[in-house]
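Presented below is the structure to which this report refers.
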Amino acid sequence: MKKFLLIILLVFSVSVKSQSGEAENVSSFKITQKTCINKKGNHLRLKKIVSDSRCPEGANCIWAGEVSIIVSYYRDGKFIEDKTIVFSHKNAEENKEWFARRVPEKYQKVTDIVVFPYPKNGNTLNTKKYYVKVNYQE
């Protein structure tokens, strides 16, 4: 009887996992400072790193910090706007919405946005190496 209950629980847990753990097709693209602006469609370019106060890897911090960037938005090859975006835990959803409205349609299901590289304790980062990684669901 115990084996029977164990088998039932095992089968049930596998079926629950398969229902809730459907694989999401998540892909990503980068927004760099060297992004070429094509003539058709929406395009974003990382214009400038304003500040990066994120807690470096290997350090103990009270505050997680934030990074502030300027992103240029182009539509059909024409400059539309520069937007200063602050990445912190407080405004993650707002940032996802802003990016989703300004990327090509196939990328609009934005799931996460991360600014790289992440600071390391004791190292100074070259601002030319920064990029924004946008994850989206296909």
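The values are calculated or read from the model by the stated rules, or taken from the named source; none is laboratory data. Values in this document were obtained by computation on a predicted structure and should not be read as measured data. Counting neighbours? That spans all protein chains shown, and the Cβs are built from the backbone with ideal geometry, glycine included. All accessible areas refer to the heavy atoms of the entire protein, side chains included, with ligands and DNA or RNA removed. Shrake-Rupley method; radii C 1.70, N 1.55, O 1.52, S 1.80 Å.
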**OP:** For region 30-69 and region 97-114, write down the distance between their C-alpha centroids in whole Å.
**Re:** 15
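Only sites in a loop by DSSP and with at most 12 other Cβ atoms within 10 Å count here; which chymotrypsin sites (Phe, Trp or Tyr not before Pro) in region 51-138 make the cut? Could you put the intermediate results ahead of the total?
On the way: sites: TRP63, TYR73, TYR74, PHE79, PHE87, TRP98, PHE99, TYR107, TYR130, TYR131, TYR136; in loops: TRP63, TYR130.
Those satisfying the criteria are TRP63.
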Original post:
Say the dipole of region 27-69 comes from +1 at the beta carbon of Lys and Arg and -1 at that of Asp and Glu; which of GLY41, SER51, GLY65 then lies farthest toward its positive end?
Top reply: GLY41
**OP:** For LYS47 paired with SER68, estimate the spin-label separation in nm (one decimal), with each label point 7 Å from Cα along the Cα-to-Cβ line.
**Re:** 1.5
Original post:
Can you pull the accessible area of SER68 for me, 1.4 Å probe, Å² to the nearest 10?
Top reply: 10
